[in-house]
Amino acid sequence: MGWGGQEIRTLTEAAGFIGRGHRVIVYAPARSRIVDEAPRFGVPTATLAIGRKRLRGVRAMSAVLSASPVDVVNAHSSTDAWLDALACAWLGRTRRKAPVLVRTRHVSIPVPDDRATRWLYRHATSRVVTTGTALREQLIRDNGLDPARVDSVPTGIDATTFAPSSRDAARDRLHLAPAAVLIGVIATLRSWKGHRFLVDAIPRLRHRDARLVIVGDGPQRAALEAQVEALGIGDRVTFAGQQADVAPWLASLDLFVLPSCANEGVPQALLQAMFCGVPCVTTDAGAIPEIARDGETARIVRREDAQDLASGIDAMLDDRPAAEALAERARAFVAPRYGLATMLDRMEDVFRRALADSARQ
């Protein structure tokens, strides 16, 4: 029902496959944000009662998959994975053709190892996709999944949209101060994204002229606004809210910061910043180290440590040429590995292998 990198990847992937000639439809609950945003991506949707793990959701999925058969169902969250698995199992038992189920895991939250979840991941699901190698290794190590059935496919970035561009032009377009030192974060305002530590770091900076731009919305907004007020830094922090086009916001920044504490795959926003050539400060949460290598492609700081975060930001602002060189190395590293076409190629291969595996059974 929410909105963030997971939903953006779902729609980006769907749009990419439509562009390649596949028939795609996104099923989602009524009043979900993904339904509202889908037309902007050119992706058709249909609303079903699948917002919660309830029997009516299984019935709704069973009915639509029976009436409008598909080859593959790609589930992106816990609720839809369970509803899809049970619907496909029911179709199989009634001797109707069931699609293969591919489960994409976007976060590194541990998966339970109970009997029901083992059935879901080992038997009901044909293949599992993770958005980072660290997540793949976690499922293999902690949940005993067959490595041959788990694929790491990080989110792909459109290199045309996210490319180095004029900082001055971006600031002029967004009505941002042309000479200000701008630090930015683009992320859904969730607790594990670590915004509160970034806000705490601002008054600790030696660079007193630095300002913070927070792009995104979410459940932590009120708490963060209260924190900014309590620290007396309202004149140095801008809440830009949810933005449909984040590329100009990235282009406007002197430094991109993602202070995540947990749960990350390979974050889209961090990849986007690197594609745009913006120097980055981040942590080692989840699969972030797959693209952020300290001193090579980013500055890595300790999680949940506002002082270390402030020191890392100051160090980057102290030596702009070194920061720019870091950004250039980051772009050179991610551009050939994390492009949109690469993601689509790899996901298409996953779906074809899932269908081939099903045909052999």
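The values are calculated or read from the model by the stated rules, or taken from the named source; none is laboratory data. Everything quoted here is computed from the prediction, not taken from an experiment. Methodologically, a virtual Cβ is constructed for each residue, glycine included, from the backbone with ideal geometry; neighbour enumeration extends over all protein chains shown. The area values use the complete protein model at the heavy-atom level, side chains included, leaving out ligands, DNA and RNA. Shrake-Rupley method; radii C 1.70, N 1.55, O 1.52, S 1.80 Å.
Pairs are defined by a Cβ separation below 8 Å, a sequence spacing of at least 6 or placement on different chains, a first member in the range 239-262 that is under 18 Å from Thr282 (Cα atoms) and assigned to a loop (DSSP other than H, G, I, E, B), and a second member that is of a type in the set (Phe, Trp, Tyr) and open to solvent by 20 Å² or more (accessible area, probe 1.4 Å); the pairs so defined are Pro259/Phe197; Ser260/Trp192; Cys261/Trp192; Cys261/Phe197; Ala262/Trp192.
When the range 88-128 is filtered for residues that are open to solvent by 20 Å² or more (accessible area, probe 1.4 Å), in contact with a Leu (Cβ under 9 Å, 6 or more places away or on another chain), of a type in the set (A, V, I, L, M, F, W, C) and closer than 20 Å to Thr10 by Cα, only Val107 remains.
Out of (1) open to solvent by 30 Å² or more (accessible area, probe 1.4 Å); (2) at pLDDT 95 or above, the odd one out for Gly241 is which? Among (1) open to solvent by 30 Å² or more (accessible area, probe 1.4 Å); (2) at pLDDT 95 or above, the lone unmet condition for Gly241 is (1). Residue under question is Ala335, and the condition is that it be open to solvent by less than 40 Å² (accessible area, probe 1.4 Å), of a type outside the set (D, E, K, R) and out of contact with any strand residue (DSSP E or B) (no Cβ under 6 Å at 6 or more places or on another chain); does it hold? Taking the combined requirement at face value, the residue does not satisfy it. Of the helices (runs of 4 or more DSSP H) lying entirely inside the range 1-78, the ones with 2 or more residues being within 19 Å of the chain's Cα centre (by Cα) are found at 5-19, 33-41. Selection within the range 129-173: residues that are part of a helix (DSSP H, G or I) and within 21 Å of Asp254 (Cα to Cα). The member of this set that is most open to solvent (accessible area, probe 1.4 Å) is Arg173.
For first residues located in the range 89-118 and assigned to a helix (DSSP H, G or I), partners that are modelled with pLDDT under 95 and lie 6+ apart or on another chain with Cβ distances below 6 Å form the pairs Leu91/Ala98; Gly92/Ala98.
Would you mind stating whether Ala315 is in contact (Cβ under 8 Å) with a residue 12 or more places away in the chain, surrounded by 22 or more Cβ atoms within 10 Å (Cβ to Cβ) and out of contact with any Leu (no Cβ under 9 Å at 6 or more places or on another chain)? No, not satisfied. The number of residues in the range 179-205 being within 21 Å of Val278 (Cα to Cα) and open to solvent by 50 Å² or more (accessible area, probe 1.4 Å) comes to 1. Of all residue pairs spaced 6 or more apart or on separate chains, those with beta-carbon atoms under 8 Å, a first member in the range 334-361 that is over 12 Å from Pro154 (Cβ atoms) and a second member that is basic (Lys, Arg) and buried (at least 19 other Cβ atoms within 10 Å of the Cβ) are Val350/Arg127; Arg353/Arg127; Ala354/Arg127; Asp357/Arg127.
Do we find a residue being surrounded by fewer than 21 Cβ atoms within 10 Å (Cβ to Cβ), touching a helix residue (DSSP H, G or I) at 6+ places or on another chain (Cβ under 6 Å) and among the aliphatic types (A, V, I, L, M) anywhere in the range 28-42? No, the range 28-42 contains no residue that is surrounded by fewer than 21 Cβ atoms within 10 Å (Cβ to Cβ), touching a helix residue (DSSP H, G or I) at 6+ places or on another chain (Cβ under 6 Å) and among the aliphatic types (A, V, I, L, M). Hey, among the residues in the range 259-296 that are surrounded by fewer than 24 Cβ atoms within 10 Å (Cβ to Cβ) and more than 16 Å from the chain's Cα centre (by Cα), which one's farthest from Thr104 (Cα to Cα)? Among residues in the range 259-296 that are surrounded by fewer than 24 Cβ atoms within 10 Å (Cβ to Cβ) and more than 16 Å from the chain's Cα centre (by Cα), the one farthest from Thr104 (Cα to Cα) is Gly295. Using the structure shown, decide if Glu348 is open to solvent by less than 50 Å² (accessible area, probe 1.4 Å), of a type outside the set (A, V, I, L, M, F, W, C) and more than 17 Å from Leu205 (Cα to Cα). Answer is yes for this residue.
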